[in-house]
Amino acid sequence: MQLSVESLRDAGGFTGAPVKRQIEWVKGEDTLVFDVYVRRLSYQTAVTDAQALAGHGDLAASRIAHSICDEHGKPVFSVHDITGIDADGLPVLVRDESGNPIRVVDDAGELVVDADGEPIYQERGALDGDLTFALLTVIGEVNGLGKIPPKRSKKISVKKKRSGTS
């Protein structure tokens, strides 16, 4: 077969549409069930994995951010959503509907400030560990990771030796 975009398309060489799966996530006493869409591993995944391995990111967060998407293939998370750390190295903050960071208040309803009198804002934190594991598991399942591939028949050509005698 001649290598071309058409032959690769016909052979399934492109990732195609996201795959719908269900995950269960246990949070406290509750078991939550979510429908998720998983994009198959692709060129983009390979590039971001290589960058993460070279010290330019977080491999697990990158894998989740590039694999978990909506039904149209649009990412659900950024790496920062998963790690809880923004690009500037500061914690991701909880924001209101207008996009403003939410300030921390004490039990009396008073704004909490730090030692310098600066307001303290609510930090969202990183993605829950059990949820992270559930997402990585479903990514592995969709991509067949950890499975032993079926044995393929090998094409072997056998050349008969001639003894030199007739």
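The values are calculated or read from the model by the stated rules, or taken from the named source; none is laboratory data. The structure displayed is predicted, hence computed values, not measured ones. So basically every Cβ, Gly included, is an ideal-geometry build from the backbone, and we count neighbours across all protein chains shown.
Some points to look at:
- Each residue in segment 1-18 was checked for being in a loop (DSSP other than H, G, I, E, B), farther than 22 Å from His72 by Cβ and either among the aliphatic types (A, V, I, L, M) or under 26 Å from the mean Cα position of the chain (by Cα) (or both), and 2 pass.
- Search result, residues across segment 19-48 that are under 16 Å from Thr137 (Cα atoms), of a type outside the set (A, V, I, L, M) and in a loop (DSSP other than H, G, I, E, B): Arg39, Arg40
- Matching residues in segment 49-97 - criterion: being modelled with pLDDT under 90, within 20 Å of Gly129 (Cβ to Cβ) and not in a loop (DSSP other than H, G, I, E, B): Ala52
- Residues in segment 103-119 that are assigned to a loop (DSSP other than H, G, I, E, B) and surrounded by 13 or more Cβ atoms within 10 Å (Cβ to Cβ): Val104 only.
- Segment 38-60 - residue that is under 11 Å from the mean Cα position of the chain (by Cα) and touching a residue at least 24 places away in the same chain (Cβ under 8 Å) and, of those, surrounded by the fewest Cβ atoms within 10 Å (Cβ to Cβ): Asp58
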